[in-house]
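Chemist: Quick one: the structure is below, and I'll ask about it shortly.
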Amino acid sequence: MTTDMITADAAGTWKLGDLTVNRMGFGAMRLPQSSGAAFAADAAASDRGRAIGVLRRAVELGVNHIDTASFYFSPLRSANELINSALAPYADELVITTKVGPGRHPSGDFYWAEPGRLRGQVEENLRQLGRDHLDVVNLRLPSTAADASLAEHFGALSELRTAGLIRHLGISNVTAHHLAEAQAIAPVVCVQNPYGIGSSAEEHAFVDACGEQGVAFVPFFAIAGAGKESGAAGGDGERVEPLAEVHGVSVAQLRLAWTLNRGPHVLAIPGTGNPDHLVENIAAGALRLGAEEIALLNSL
């Protein structure tokens, strides 16, 4: 697959509320470090100039949707600071999505914020990004909250939206009942969940349900799969690699193309600190899979 001059608009567009974005975006989680598992205590800091170059190149290639968070940092590097340094003053069409709920102490240790601490997390993102409001804020839930209510936390964010600090709201790491609960409080423009080839039938159904409700579905770990924060894992299966070879693409590109082919409401936010991988990821937005190929990959 030729990647030269393929831009992010090849994947089409979607609206997050009143904000139009190209469906191929960029995730900033891995920008602060050069290698290893994200958030590892011994993570080596990335080369600052290279990271800034990747961000600027992403925008040159049409990316206008960047996903980040204030807890995306490693020793010496912060994703939000890199975004600010690379892209401010921001173009009017650039949409920056962030998330709150998880927090990290300067030591790197994680904590989960109580509702009263969410304003502080929002203000920290505003300060780091140099913004007077946040385009989209996702409330991220811990995996242990699958059966818990998000009403108190989401209600706190709804108040910040009314106050003008946040333009649109989303939810992350959630189930269908969380989406219904959140929508009863305030409009939800996106759901951000782990999802990719090999996901369960229940997860496929949730993706479809989001589309039926006009809610964007933004998968993370679409490339990494079971590797999660550690990066792409092996064992793609005997039916994945041959299909990638047929199309002349990498397995990573095939995974991205598959997620985008799941529906027009599905957005991609692959992250990388490698400029070559960036070009390949964006080019995956131009790959179209046939119905039989999608069905085959859905069945894995």
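Chemist: Can you name the residue in the range 1-47 that is of a type outside the set (A, V, I, L, M) and part of a strand (DSSP E or B) and is also most open to solvent (accessible area, probe 1.4 Å) among such residues? Spell out how you get there, then give the answer.
Modeler: From the range 1-47, those of a type outside the set (A, V, I, L, M) are 2-4, 7, 9, 12-15, 17-18, 20, 22-23, 25-27, 30, 32-36, 39, 42, 46-47; that's our starting set.
Those left that are additionally part of a strand (DSSP E or B): 13-15, 20, 22, 26-27, 33.
On the way: 13: 81, 14: 52, 15: 113, 20: 69, 22: 18, 26: 1, 27: 8, 33: 16 Å².
Here the answer is 15.
Chemist: I've got another one for you. Just give me the residues in the range 259-286 being under 25 Å from residue 15 (Cα atoms) and either at pLDDT below 95 or not hydrophobic (A, V, I, L, M, F, W, C) (or both), in sequence order. So that I can check it myself, show each step before the final result.
Modeler: Here is the first cut: in the range 259-286, the ones under 25 Å from residue 15 (Cα atoms) are 259-272, 278-286.
Once the filter is applied, which keeps residues that are under 25 Å from residue 15 (Cα atoms) and either at pLDDT below 95 or not hydrophobic (A, V, I, L, M, F, W, C) (or both), the range 259-286 yields 259, 261, 262, 263, 264, 265, 270, 271, 272, 280, 281, 285.
Chemist: Tell me, which residue of the range 184-220 that is open to solvent by 40 Å² or more (accessible area, probe 1.4 Å) and touching a Gly at 6+ places or on another chain (Cβ under 8 Å) is modelled with the lowest pLDDT?
Modeler: Among those that are open to solvent by 40 Å² or more (accessible area, probe 1.4 Å) and touching a Gly at 6+ places or on another chain (Cβ under 8 Å), it is 198.
Chemist: Counting only residues that are touching a strand residue (DSSP E or B) at 6+ places or on another chain (Cβ under 9 Å) and of a type in the set (Asp, Glu), which one in the range 110-152 is surrounded by the most Cβ atoms within 10 Å (Cβ to Cβ)?
Modeler: So the residue we want is 135.
Chemist: To continue, here is another question. Filter the range 172-187 down to residues that are closer than 12 Å to residue 155 by Cα and either without any contact (Cβ under 8 Å) to a residue 40 or more places away in the chain or among the basic types (Lys, Arg) (or both), then give me how many there are. Before the answer, list the steps.
Modeler: In the first step, residues of the range 172-187 are kept if they are closer than 12 Å to residue 155 by Cα; the result is 181-187.
With either without any contact (Cβ under 8 Å) to a residue 40 or more places away in the chain or among the basic types (Lys, Arg) (or both) added as a condition, the list becomes 181, 183-186.
Within the range 172-187, residues that are closer than 12 Å to residue 155 by Cα and either without any contact (Cβ under 8 Å) to a residue 40 or more places away in the chain or among the basic types (Lys, Arg) (or both) number 5.
The values are calculated or read from the model by the stated rules, or taken from the named source; none is laboratory data. Just so you know, these numbers come straight off a predicted model, no measurement behind them. Please note: Cβ atoms are built from the backbone with ideal geometry, for glycine as well, and neighbour counts cover all protein chains shown. Please note that ligands, DNA and RNA were not included when accessible areas were found on the heavy atoms of the full protein model with its side chains. Shrake-Rupley method; radii C 1.70, N 1.55, O 1.52, S 1.80 Å.
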